[in-house]
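Structure first, then comments.
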Amino acid sequence: VVRASLGSSATSSLVPDTLREMDMDTELQAHLASIATKGQASLTREERMKRQRSLENINAPDFMQLCKSTGVTPLRRAKARALQLNIGLYCNQACSHCHVESSPRRTEMMDRPTADQCLQLIRAAGPGGVQSLDITGGAPELNPQFRYLVEEASKLQVPEIIDRCNLTVLLEPGQEYLPAFLAAHRVRIVASLPCYTEKNTDQQRGAGVFERSIEALKLLNAQGYGSDPGLVLDLVYNPSGAFLAPDQATLQDAYRSELRLAYGIEFSSLLALNNLPIKRFADWLVRRNKLDEYMQLLVTAFNPAAAEGLMCRDTVSVGWDGRVYDCDFNQQLELGMASSSSAAAPAHAAEGPRTPKHLTVFDFQTLDELTGRHILYDSHCYGCTAGAGSSCGGSTTAKELGVATAE
């Protein structure tokens with residue numbers, strides 16, 4: 001039986017509720033206090049040392065050594081096919097495992113000159129260049145550059161424009177235009193919904209988020225998303241604890257059955273992502289003394305086939321300030337590309353930048369200038385090569401190993 005409505009899903013902003021929950025979350029407050037006292041850079045270094053110590057505790061090899069010993073193709077940048085822009089860290093939610101550490105208290109936002117330079121790189125790549133513009137955040141829709149980027153990328157006929165959407169943003173005051181706007185520009189929506197049950201979703205993403213997410217999905221379905229082949233609506237699952245994502249295809253069947261039966265919701269595909277041991281999730285693991293256990297799980301589940309499909313091979317990640325990275329996770333750990341001189345030798349995060357120059361979108365004319373560079377790696381990369389693999393596009397391979405994926 002389809003539920004016609006979940007009741008009066010609030011049309012008021014979620015932000016006040018999020019701020020109250022943040023103030024009541026003792027673990028989050030302790031984490032924020034550490035950032036205020038030590039600084040984000042210092043905490044990031046401490047986090048890396050803890051991951052490295054965990055690998056030593058379990059006698060795990062260096063990530064690149066394991067890649068080489070298992071015959072993985074060297075990690076060097078191929079021709080860029082995707083440009084992923086994190087256009088701001090402001091968000092109406094503050095999810096417990098957010099690797100970006102977004103919240104309503106973040107103020108970092110991409111400005112127009114940086115957005116224009118990103119568009120110029122797409123323009124310079126020509127018709128056969130950038131195949132996907134992937135816009136993320138935070139809640140990217142709340143950034144003033146979001147609409148501009150979508151409209152301009154549409155004019156440039158970028159084959160795919162992605163909006164990484166938390167769903168609840170569609171119900172924020174002033175965002176009523178979004179469903180129709182996204183549909184008009186044929187934007188692919190990749191929407192976070194970590195579970196098809198209210199309890200599990202709200203536990204990870206905040207009280208009331210599931211109800212609002214269902215209402216948002218209904219708005220998107222009304223525009224044709226999930227039924228029209230040209231209006232792609234993908235949902236994203238990520239685990240609620242220290243375990244790997246289940247088989248993507250099997251979980252997709254469960255999502256489709258539950259959401260269709262209970263709410264009449266349709267969607268295109270499900271993407272199953274692993275949680276990487278960084279930022280809020282790393283803090284969550286450390287506080288529960290589970291970091292060694294989780295790193296052991298990731299190392300044991302290392303899959304060479306998953307490493308072949310890593311997104312960092314052909315994706316360029318750009319931060320809100322224009323700095324350039326191999327992937328979104330490196331971006332959050334401040335592991336940015338240095339000047340071109342660093343492209344000649346394998347790059348490990350422990351070595352630090354070989355020059356003080358942190359590459360930005362203003363430092364090169366074409367994305368082809370990045371082709372052939374060695375990809376900066378560290379211990380967190382084990383999260384992308386575990387089991388069926390994990391990337392912003394979901395599983396990186398159909399090949400899976402015989403490891404536990406759920407508690």
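Return the residues of the range 146-166 that are farther than 26 Å from Y237 by Cα and either open to solvent by less than 20 Å² (accessible area, probe 1.4 Å) or outside any helix (DSSP H, G or I) (or both); say none if nothing qualifies.
Correct list: L149, A153, L156, Q157, V158.
The rows are residues; the columns are (1) farther than 21 Å from K279 by Cβ; (2) of a type in the set (G, A, S); (3) open to solvent by 40 Å² or more (accessible area, probe 1.4 Å); (4) at pLDDT below 95.
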position: Y325; (1), (2), (3), (4): no, no, no, no
position: F362; (1), (2), (3), (4): yes, no, yes, no
position: E369; (1), (2), (3), (4): yes, no, yes, no
position: G383; (1), (2), (3), (4): no, yes, no, yes
position: S390; (1), (2), (3), (4): no, yes, no, yes
position: E400; (1), (2), (3), (4): yes, no, yes, yes
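Collect the residues in the range 79-95 that are in a strand (DSSP E or B) and aliphatic (A, V, I, L, M), keeping them in residue-number order.
A82, L83, L85
Only one of these conditions is not met by Y294: (1) open to solvent by less than 40 Å² (accessible area, probe 1.4 Å); (2) free of Cβ contacts under 8 Å to residues at least 12 places away in the same chain; (3) over 27 Å from T18 (Cα atoms). Which number is it?
(2)
Sort out which residues of the range 261-291 are open to solvent by 60 Å² or more (accessible area, probe 1.4 Å) and of a type in the set (D, E, K, R), and write them in order of number.
Matches in the range 261-291: R287, R288.
Could you tell me whether the range 345-357 includes any residue that is modelled with pLDDT under 95, acidic (D, E), surrounded by fewer than 20 Cβ atoms within 10 Å (Cβ to Cβ) and in a helix (DSSP H, G or I)?
The answer is yes; a qualifying residue exists.
Among the residues of the range 218-258, how many are open to solvent by 40 Å² or more (accessible area, probe 1.4 Å), of a type outside the set (G, A, S) and part of a loop (DSSP other than H, G, I, E, B)?
Matching residues across the range 218-258 total 5.
Against the definition (modelled with pLDDT under 95, over 24 Å from the mean Cα position of the chain (by Cα) and farther than 28 Å from S213 by Cβ), how does T37 come out, yes or no?
The answer is yes for T37.
How many residues are open to solvent by less than 90 Å² (accessible area, probe 1.4 Å) and more than 18 Å from G383 (Cα to Cα) if we restrict to the range 37-68?
6
Given the condition more than 16 Å from the chain's Cα centre (by Cα), open to solvent by 50 Å² or more (accessible area, probe 1.4 Å) and among the hydroxyl-bearing types (S, T, Y), answer yes or no: does some residue in the range 75-91 qualify?
No, there is no match, as no residue in the range 75-91 is more than 16 Å from the chain's Cα centre (by Cα), open to solvent by 50 Å² or more (accessible area, probe 1.4 Å) and among the hydroxyl-bearing types (S, T, Y).
So if I check each of V130, V100, V150, which one is free of Cβ contacts under 8 Å to residues at least 40 places away in the same chain and within 30 Å of Q365 (Cβ to Cβ)? Let's see the steps before the verdict.
Details: V130 fails: free of Cβ contacts under 8 Å to residues at least 40 places away in the same chain; V100 fails: free of Cβ contacts under 8 Å to residues at least 40 places away in the same chain.
Being free of Cβ contacts under 8 Å to residues at least 40 places away in the same chain and within 30 Å of Q365 (Cβ to Cβ) holds for just one of V130, V100, V150, which is V150.
Being open to solvent by 40 Å² or more (accessible area, probe 1.4 Å), assigned to a helix (DSSP H, G or I) and among the hydrophobic types (A, V, I, L, M, F, W, C) narrows it down to one residue among A115, A124; which is it?
Just one listed residue meets the conditions, A124.
Does A180 qualify as being touching a strand residue (DSSP E or B) at 6+ places or on another chain (Cβ under 6 Å), in a helix (DSSP H, G or I) and either surrounded by fewer than 19 Cβ atoms within 10 Å (Cβ to Cβ) or touching a residue at least 24 places away in the same chain (Cβ under 8 Å) (or both)? Before the answer, list the steps.
Numbers: touching a strand residue (DSSP E or B) at 6+ places or on another chain (Cβ under 6 Å): no; in a helix (DSSP H, G or I): yes; either surrounded by fewer than 19 Cβ atoms within 10 Å (Cβ to Cβ) or touching a residue at least 24 places away in the same chain (Cβ under 8 Å) (or both): yes.
When the stated conditions are applied, A180 does not pass them.
Among (1) in a loop (DSSP other than H, G, I, E, B); (2) over 23 Å from L32 (Cα atoms), where does I135 come up short?
Going through (1) in a loop (DSSP other than H, G, I, E, B); (2) over 23 Å from L32 (Cα atoms) one by one, I135 breaks only (1).
Output yes when any residue across the range 197-215 is in contact with an Asp or Glu (Cβ under 7 Å, 6 or more places away or on another chain), of a type in the set (A, V, I, L, M) and more than 23 Å from L14 (Cα to Cα), and no when none is.
no
The values are calculated or read from the model by the stated rules, or taken from the named source; none is laboratory data. What you see is a predicted model, and the numbers here were worked out from it, not measured in a lab. Positions of Cβ are generated from backbone atoms using ideal geometry, with glycine treated the same way; all protein chains shown enter the neighbour counts. Remember, those area values only see protein heavy atoms, side chains included, never the ligands or the DNA or RNA. Shrake-Rupley method; radii C 1.70, N 1.55, O 1.52, S 1.80 Å.
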